[in-house]
Amino acid sequence: MFDPAIARADLDAQYDTSKQLPDGNVGAYFAAFDAASERARASLTMEPAIRYGSGERETFDFFPVDVSANAPLFVWIHGGYWRRMSKDQFSFVAAPVVAAGGAVAVLNYPLAPGPSLDEIVGAVDRGFSAAVAHASARGVDVSRTYVGGHSVGAQLAATVAGRHAVAGMLVVSGLYDLEPIRQSYINDWIAMDEASARRNGPIHLPPREAGPLVASVGAIEQAAFAEQQRRYVEAWRMWGGAAREIDAPNHNHFSIMLELEHAERPLTKALLQMMSLA
């Protein structure tokens with residue numbers, strides 16, 4: 001459990017993801033995500049910016065697959081501490097899944113500081129439902145729907161799993177206990193109170209169905225991220241699900257994501273195996 005005696009300065013250091021980088025240059029990784037996603041969009045069929053609500057960011061991109069009418073669906077949710085990044089930077093997640101025979105939806109959602117965390121979670125829930133309906137109308141086997149996310153995208157994916165019977169989940173460098181986040185600098189823009197941190201904290205949200213979980217955290221991330229994963233994996237197993245942890249040596253909070261561009265990397269292989277595509 002979270003120790004309330006930990007000073008805010010220590011929490012800020014543990015959850016400031018730029019501090020693990022030698023030069024603090026997060027922008028270089030964002031540029032790498034952009035480039036990888038441009039490569040993916042150049043090689044894939046994409047139905048862009050499908051609306052699931054009236055808000056500017058209430059859209060998703062859909063990457064169909066022609067290989068099989070029984071294709072599974074993978075729904076991806078980006079990170080960015082609820083205030084930055086977008087679906088456009090993560091098209092590359094779709095490439096190895098589509099190549100292996102799965103369809104993919106990549107969600108956008110409204111960003112803080114405008115909406116509350118409850119409102120962001122609600123938007124993601126609507127987006128997930130809309131993506132499933134869209135995929136179903138195109139012949140995808142949505143009984144085999146998987147969800148995944150990175151950082152707070154993993155938190156949002158886990159809230160989806162708490163509301164919907166997903167077939168399995170991939171979480172990367174995720175946040176599952178939001179109480180330390182509430183007491184850190186991050187809460188300056190998301191403004192959680194104790195109740196909303198608990199209500200939206202995956203560590204308190206058993207999945208509707210405890211299917212397989214694949215989890216990974218970078219070996220050179222701050223210790224807080226490894227501890228977040230350790231506790232969530234332990235909870236997942238307690239809820240009755242099988243959990244598989246994938247080692248990510250030499251990876252930080254951002255570089256680990258680029259593994260998902262390549263089908264032969266251990267993290268992507270684990271995703272494809274979970275989806276019965278490898």
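The values are calculated or read from the model by the stated rules, or taken from the named source; none is laboratory data. The structure presented is a predicted model; accordingly, all values stated were derived computationally and were not measured. Positions of Cβ are generated from backbone atoms using ideal geometry, with glycine treated the same way; all protein chains shown enter the neighbour counts.
Data table
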| quantity | calculated |
| --- | --- |
| Any hit, the stretch 204-223, residues being in a helix (DSSP H, G or I), buried (at least 20 other Cβ atoms within 10 Å of the Cβ) and touching a residue at least 12 places away in the same chain (Cβ under 8 Å) | no |
| Residues being touching a helix residue (DSSP H, G or I) at 6+ places or on another chain (Cβ under 8 Å), among the β-branched types (V, I, T) and either closer than 30 Å to I6 by Cα or without any contact (Cβ under 8 Å) to a residue 24 or more places away in the chain (or both) - total across the stretch 144-159 | 1 |
| In the stretch 135-166, residue nearest to L272 (Cα to Cα) [restricted to those that are among the hydroxyl-bearing types (S, T, Y) and assigned to a helix (DSSP H, G or I)] | S143 |
| Count - residues of the stretch 14-25 that are assigned to a helix (DSSP H, G or I) and surrounded by 15 or more Cβ atoms within 10 Å (Cβ to Cβ) | 4 |
| Among (1) at pLDDT 95 or above; (2) in a loop (DSSP other than H, G, I, E, B); (3) within 28 Å of L21 (Cβ to Cβ); (4) out of contact with any strand residue (DSSP E or B) (no Cβ under 6 Å at 6 or more places or on another chain) - the single one G240 does not satisfy | (3) |
| Candidate set from the stretch 194-203 (those that are in contact (Cβ under 8 Å) with a residue 60 or more places away in the chain and surrounded by fewer than 18 Cβ atoms within 10 Å (Cβ to Cβ)); member that is farthest from M169 (Cα to Cα) | S196 |
| Among the residues listed as L272, L175, L267, the single one being aliphatic (A, V, I, L, M), in contact with a Ser or Thr (Cβ under 7 Å, 6 or more places away or on another chain) and not in a loop (DSSP other than H, G, I, E, B) | L267 |
| F62, sole failed condition from (1) under 28 Å from H164 (Cβ atoms); (2) touching a Gly at 6+ places or on another chain (Cβ under 7 Å) | (2) |
| Criterion: surrounded by fewer than 24 Cβ atoms within 10 Å (Cβ to Cβ), touching a residue at least 12 places away in the same chain (Cβ under 8 Å), farther than 24 Å from A226 by Cβ and of a type in the set (D, E) - qualifying residue of D188, D141 | D141 |
| Tabulated pairs, the stretch 235-246, first of a type in the set (D, E), second surrounded by 14 or more Cβ atoms within 10 Å (Cβ to Cβ) and part of a strand (DSSP E or B), C-beta under 6 angstrom, 6+ apart or interchain | E245/A215 |
| Meets criteria (closer than 28 Å to L44 by Cα, buried (at least 23 other Cβ atoms within 10 Å of the Cβ) and touching a residue at least 12 places away in the same chain (Cβ under 8 Å)) for L175 | no |
